[in-house]
Amino acid sequence: MSPLNSLLTDSQPSIPNDPPPTNERTPILKCLLSTNGSITLLLEAFFGERQRADKLSEEEVVFTEDHPDLKLRAGDNAMERVILLRGTQTQRAYLHATTLVALDKICPEFRKSLQSTQTPIGRLWDDHKMELFKEMLRYERQPAGDLAESFDIAETDLLISRTYRVYSDNKCIMLITESFPESLA
């Protein structure tokens, strides 16, 4: 059974911690875990408010060793961008994301938009008419810990995350890990 199915069903999971039964999963959580589309647009449609990306950090990094998940080699550079996706009306945080971007594999216009705006990456993909493919790598459940305050939950409450590669023009351009509260409703 795939890791996703183990998160969505009562079956034995292939990741640590037993997930709650399917009937305890919220509809939005099921959608967030299974979509191959834009999380930004999904959250906007479900919660009825526009999303913005509050940047927590953004820095360029040079890898000192190969990075197989992003398919980069030692010496290649990337940008690490950490954001909270937040509703513009309620200020509610819906998602925490860490994105590694292979800077040499994206167009300069997209890079400029990514670095100079608070626009969520899903909307930037649409604005730049990027054709994408997402390859899911893993799903995890873990206590919120340091992210608890951002989501207004307890440190012991669980977050579910998914990590995936983003391809454009047959090149791996990004590695994204998105985390959201298991209790999201």
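A few remarks follow.
- For the range 107-149, fraction of C-alpha pairs farther apart than 11 Å, in %: 75
- Sorted fewest first by neighbouring Cβ atoms within 10 angstrom, GLU131, GLU60 come out as GLU131, GLU60.
- Here the peptides 107-118, 39-50 are ranked by packing, the mean other Cβ count within 10 Å, and the order with the highest first is 39-50, 107-118.
- Relative exposure of ARG162, ARG73, judged by other C-beta atoms within 10 Å (fewest first): ARG73, ARG162
- The sum of -39500 (n - 2.57) across all DSSP H runs of n ≥ 4, divided by the residue count of the chain, sets its helix-only mean residue ellipticity at 222 nm to -6000 deg cm²/dmol.
- Spatially near lysine pairs across the chain, Cα under 28 Å, sequence gap of 8 or more or different chains: 22
- Where [x] 51, 46, 31; [y] 45, 38, 30; [z] 59, 38, 31 are the candidate values, the label of the one calculated here for Cα extents along the principal axes in Å is [y].
- One decimal place: the segment GLN91-ALA185 gains 32.3 nm when fully extended, by the rule 0.36 nm per residue minus the C-alpha distance.
- Contact order for the chain, expressed relative to its length and based on alpha carbon pairs under 8 Å spaced 6+ residues apart, stands at 20 percent.
- Annotation: extensible slack from LEU56 through THR26 equals 8.1 nm (criterion: 0.36 nm per residue apart, minus Cα-Cα distance).
Only the coordinates and a few stated rules stand behind these numbers; no lab work does. Just so it is clear, the model here is predicted, and its values are computed rather than measured. Positions of Cβ are generated from backbone atoms using ideal geometry, with glycine treated the same way; all protein chains shown enter the neighbour counts.
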